[in-house]
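Trainee: First the structure, which I've put down as structure tokens, then a few questions once you've had a look.
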Amino acid sequence: MRLASLVHLASLNLRSDRRGTILNTAAACVGAAALVFFVALGMGVGQAARLLFPGDARLIEVVPGAVSLGAALGGGALDDGAMERLRELPGVQGAWRRLSLRVPIAASRAPEGVRMNWPPGFTVQVPVVGVDAGLVASDLQPGRRFDDPPAGEPIPVLASRRLLEVYNKTIAPAWNLRRLPAGIDLVGLQIPVQVGFSIIPLKTEEKVYDARLALAGLSDRVPLYSLAVPVETVRRLHREYGKSDAGYSSVVLELARPDDVPSAAAAVRRMGFAVDEGERAIAERVGLAITVVAGALALLALLMTALAALAIAQSLSASVRARTRDIAILQSLGATAGDVRALVLAEAALVGLAGGVLGVLIAWLAARGVDAAALRFLPDFPFRPTTFFQFPPWLFALGVGVSASAALLGALAPAALAARIDPARAIS
Amino acid sequence: MISLRHITKCFRDGEREVVVLRDLDLDVAAGAFTAVVGPSGSGKSTLLYVAGGLDADYEGEAVVAGRDLRALSARERAAFRNVSVGFVFQSFNLLPALPAVENTMLPGLFAPPGVPAPSIGQLRIRAMEALDRVGLADKASRLPAHLSGGERQRVAIARALLSRPAVLLADEPTGNLDAVSGEAVIQLFSAMVRDGVTVLVVTHEERVSAAAGRVLHLEEGRLR
């Protein structure tokens, strides 16, 4: 039987049983809609979480051990020697220093190059951490340098990409400040600061002088509430203010593959250092929670699809029994057992395809509805996504494919039942 | 055209075996109009199902339209039913949900491999021609429920003619028809015979057997 004939006859049969066709299509539609909706939701929320916690799965942050038995056991301070040993661990591609500045820096004027209603008398303590240029090299804007500048030149700084979002969504509204433009527009702006000044009583250094920080880029590798400067600048300021450099605050190791992280972390601990799970651990836990919840919902949707397949199987079985004589007539006209089987399967496939297409459409419309409701009713929190869903093209194909496959699976037994009909007995 | 030799067909009724056709022989020449008469339950329909390749569970030899039916596989028997024979039944056996033209098109949808398969459009044109031959072109879009008994039987005949079969097998074709409709069906059969179609009708109606060129009596499973 040719495909065109098969589709023609299957369509006629489906049209002749409108009620059954509508019910079966609805069953397939619900399964497909639920599957596509939940998978799109899981992917969308996962994407939003990655924006909120942009942890790089290949990075681990090494910090001095909480209890150290000293350099004799390989632990102790995170100095240059420790750096070399960490660099030689298997799987390590790079090791970069972080050194917290222990000289206070404060900003009491608006940044230059951006329109901002800085409140009179408002002073912000600026936490600063020194980082190796290699850690943030990929985040520097073209033409920007990240090294300790000559005296009188602005100090290059990098800010966390997320800090801008947090400022615009929480700090600015709370303090009635003007919101800052997005990312790239800010690069180059200069922040007047006072080096040595602290808003905490008795913490201001004896020597206080004016300087400028110049924004060289935004990076996910800078701690959220700090500005990153070249590590050489931190060491220079420590020398200027007589602060000792007993060791680095932390060392960031970049591994070849995320799979190398557990073994590298274990090796770091054996060396007497600790691993700061911090944000990376949160990102992993959030990612895992989202994966588990999305997986459970997708499983539920698959269960609904399986139930739809069962409903279709039951309905088609009843339909085949009711059409025993009709099928025998087709056999008397030349239909083979294979034709009859194919006819029942084609009817199921058409129902599954129609249900799948409808289901995908409903899922997409429901997602748009949820997004519109979220936009209207949810507060404008940092990193609030414009959509909680992701619909890659393959997801549409998955919805339709799963629906059609489920319908076909459900039709296997009824098709076999139809193919076994004895035309002579059924007609007589 | 039809040659049945030593056909024996049994049914099992619980523990009892019922012999319906007993060592039956039948020869029908090409282009002949033959009627088989006999009382209800005498095995007339069974005889047609054997000759039409619908029933393969029998003993003996059956050669119809040059095909040895015992030698055919199930798939080949289906192709034989599609190409070589046309069936007309007492209860019309139209699909109730399909309009007359779609019912008439059905055999064309199952064209076996090796037979040129017309497109759906071509098939519709051929079905309309077949309906025109039986005088129902103007009722092509009607469902069987909206046709009279005679009209339904004419649709069934148009369907049987679609594949231009060599043999037409009719099972009590006028059994559910009034005198006028029955006469119209008989005239259609006669016209088909004039076109060279071999017609084998089983009936218990005098008016049908009177139109046939040869009448055989089926009694106790044998033809006399």
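Trainee: Out of (1) closer than 30 Å to B:Met105 by Cβ; (2) away from every other protein chain (no Cβ under 12 Å); (3) buried (at least 19 other Cβ atoms within 10 Å of the Cβ), what's the single condition that is false for A:Arg321?
Mentor: Among (1) closer than 30 Å to B:Met105 by Cβ; (2) away from every other protein chain (no Cβ under 12 Å); (3) buried (at least 19 other Cβ atoms within 10 Å of the Cβ), A:Arg321 violates only (3).
Trainee: For the stretch B:1-52, give me the residue count where each residue is among the aromatic types (Phe, Trp, Tyr) and either touching a strand residue (DSSP E or B) at 6+ places or on another chain (Cβ under 8 Å) or at pLDDT below 90 (or both). Spell out the reasoning first.
Mentor: Just the residues of the stretch B:1-52 that are among the aromatic types (Phe, Trp, Tyr), to begin with: B:11, B:33, B:49.
Filter once more, so that each one left must be either touching a strand residue (DSSP E or B) at 6+ places or on another chain (Cβ under 8 Å) or at pLDDT below 90 (or both): B:11, B:33.
So the count comes out to 2.
Trainee: If I ask for residues that are more than 9 Å from chain A (Cβ to nearest Cβ) and at negative phi, which ones from the stretch B:92-101 would you list?
Mentor: We begin by selecting, within the stretch B:92-101, every residue more than 9 Å from chain A (Cβ to nearest Cβ); these are B:92, B:99-101.
Passing the criteria: B:Pro99, B:Ala100, B:Val101.
Trainee: Output the residue which, of all residues in the stretch A:324-348 that are touching a residue at least 60 places away in the same chain (Cβ under 8 Å) and charged (D, E, K, R), is surrounded by the fewest Cβ atoms within 10 Å (Cβ to Cβ).
Mentor: Ranking the candidates gives A:Arg325 first.
Trainee: Across the stretch B:58-79, what is the total count of residues that are at the interface with chain A (Cβ under 8 Å from one of its Cβ atoms) and either out of contact with any helix residue (DSSP H, G or I) (no Cβ under 8 Å at 6 or more places or on another chain) or among the hydrophobic types (A, V, I, L, M, F, W, C) (or both)?
Mentor: So the answer is 3.
Trainee: Could you tell me how many of the residues in the stretch B:1-17 are in a strand (DSSP E or B) and more than 13 Å from B:Tyr58 (Cα to Cα)?
Mentor: Count: 5.
Trainee: Return the total of residues in the stretch A:1-58 being of a type outside the set (A, V, I, L, M, F, W, C), within 30 Å of B:Ala97 (Cβ to Cβ) and not in a helix (DSSP H, G or I).
Mentor: 2
Trainee: Output yes when any residue across the stretch B:151-173 is more than 28 Å from B:Ala79 (Cα to Cα) and of a type in the set (A, V, I, L, M, F, W, C), and no when none is.
Mentor: Going through the stretch B:151-173, the residues more than 28 Å from B:Ala79 (Cα to Cα) turn out to be none.
Looking for residues that are more than 28 Å from B:Ala79 (Cα to Cα) and of a type in the set (A, V, I, L, M, F, W, C), one finds none in the stretch B:151-173, hence no.
Trainee: Right, another one. Give B:Asp23, B:Asp55 a once-over and let me know the one that is within 14 Å of another protein chain (Cβ to nearest Cβ) and among the charged types (D, E, K, R).
Mentor: Only one candidate passes the filter, namely B:Asp55.
Trainee: Name the single residue, out of those in the stretch A:204-228 being of a type in the set (Val, Ile, Thr) and touching a Gly at 6+ places or on another chain (Cβ under 8 Å), that is nearest to A:Asp139 (Cα to Cα).
Mentor: If we take residues in the stretch A:204-228 being of a type in the set (Val, Ile, Thr) and touching a Gly at 6+ places or on another chain (Cβ under 8 Å), then A:Val208 is nearest to A:Asp139 (Cα to Cα).
Trainee: With the checklist (1) more than 8 Å from chain A (Cβ to nearest Cβ); (2) of a type in the set (S, T, N, Q); (3) in contact (Cβ under 8 Å) with a residue 60 or more places away in the chain; (4) outside any loop (DSSP other than H, G, I, E, B) in hand, flag the one item B:Ser45 doesn't pass.
Mentor: Only one criterion in (1) more than 8 Å from chain A (Cβ to nearest Cβ); (2) of a type in the set (S, T, N, Q); (3) in contact (Cβ under 8 Å) with a residue 60 or more places away in the chain; (4) outside any loop (DSSP other than H, G, I, E, B) is unmet by B:Ser45, namely (1).
Trainee: Has the stretch A:85-100 got at least one residue that is under 27 Å from the mean Cα position of the chain (by Cα) and in a loop (DSSP other than H, G, I, E, B)?
Mentor: Taking the stretch A:85-100 and keeping what is under 27 Å from the mean Cα position of the chain (by Cα), we get A:91-96, A:98.
In the following step, the residues that additionally are in a loop (DSSP other than H, G, I, E, B) were identified as A:91.
Yes, the stretch A:85-100 has at least one match.
Trainee: From (1) exposed (fewer than 15 other Cβ atoms within 10 Å of the Cβ); (2) of a type in the set (Gly, Ala, Ser); (3) modelled with pLDDT of 90 or more, pick out the condition that doesn't hold for A:Ser244.
Mentor: Condition (3) is where A:Ser244 drops out.
Trainee: I've got another one for you. Just checking: which of the helices (runs of 4 or more DSSP H) contained wholly in the stretch A:104-198 hold 3 or more residues that are hydrophobic (A, V, I, L, M, F, W, C) and farther than 27 Å from A:Gly247 by Cα?
Mentor: Where helices (runs of 4 or more DSSP H) fall fully within the stretch A:104-198 and carry at least 3 residues being hydrophobic (A, V, I, L, M, F, W, C) and farther than 27 Å from A:Gly247 by Cα, they are A:161-166, A:172-175.
Trainee: Please enumerate the residues belonging to the stretch A:349-379 that are in contact (Cβ under 8 Å) with a residue 40 or more places away in the chain and over 17 Å from A:Ala301 (Cβ atoms).
Mentor: A:Ala349, A:Leu350, A:Val351, A:Leu353, A:Ala354
Every residue, every condition in (1) more than 14 Å from A:Val351 (Cα to Cα); (2) surrounded by fewer than 23 Cβ atoms within 10 Å (Cβ to Cβ), yes or no:
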position: A:Val7; (1), (2): no, yes
position: A:Ile22; (1), (2): no, yes
position: A:Ala27; (1), (2): no, no
position: A:Gly31; (1), (2): no, no
position: A:Gly42; (1), (2): yes, yes
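One line per residue, one yes/no per condition, for (1) within 10 Å of chain A (Cβ to nearest Cβ); (2) crowded, with 22+ Cβ neighbours inside 10 Å; (3) among the small types (Gly, Ala, Ser); (4) without any contact (Cβ under 8 Å) to a residue 40 or more places away in the chain:
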residue: B:Phe110; (1), (2), (3), (4): yes, yes, no, yes
residue: B:Pro113; (1), (2), (3), (4): yes, no, no, yes
residue: B:Ala117; (1), (2), (3), (4): yes, no, yes, yes
residue: B:Glu129; (1), (2), (3), (4): no, no, no, yes
residue: B:Leu136; (1), (2), (3), (4): no, yes, no, yes
residue: B:Ala140; (1), (2), (3), (4): no, no, yes, no
residue: B:Ala145; (1), (2), (3), (4): no, no, yes, no
residue: B:Ser148; (1), (2), (3), (4): no, no, yes, yes
residue: B:Arg154; (1), (2), (3), (4): no, yes, no, yes
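Trainee: While we're here: Name every residue in the stretch B:171-224 that is within 19 Å of B:Gly31 (Cβ to Cβ) and among the charged types (D, E, K, R), in order of residue number.
Mentor: B:Arg194, B:Asp195, B:Arg214
Trainee: Let me ask something else. Give just the number: which of (1) over 21 Å from B:Gly86 (Cα atoms); (2) surrounded by fewer than 20 Cβ atoms within 10 Å (Cβ to Cβ) does B:Arg164 not satisfy?
Mentor: Condition not satisfied by B:Arg164: (1).
Trainee: Which one of these is assigned to a strand (DSSP E or B) and within 21 Å of B:Arg133 (Cβ to Cβ): B:Ala160, B:Ala170?
Mentor: Details: B:Ala160 fails: assigned to a strand (DSSP E or B).
Only one candidate passes the filter, namely B:Ala170.
The values are calculated or read from the model by the stated rules, or taken from the named source; none is laboratory data. In this text, all values refer to a predicted model and were calculated from it rather than measured experimentally. Don't worry about glycine lacking a Cβ; one is built from the backbone with ideal geometry, like all the others, and counts go over all protein chains shown.
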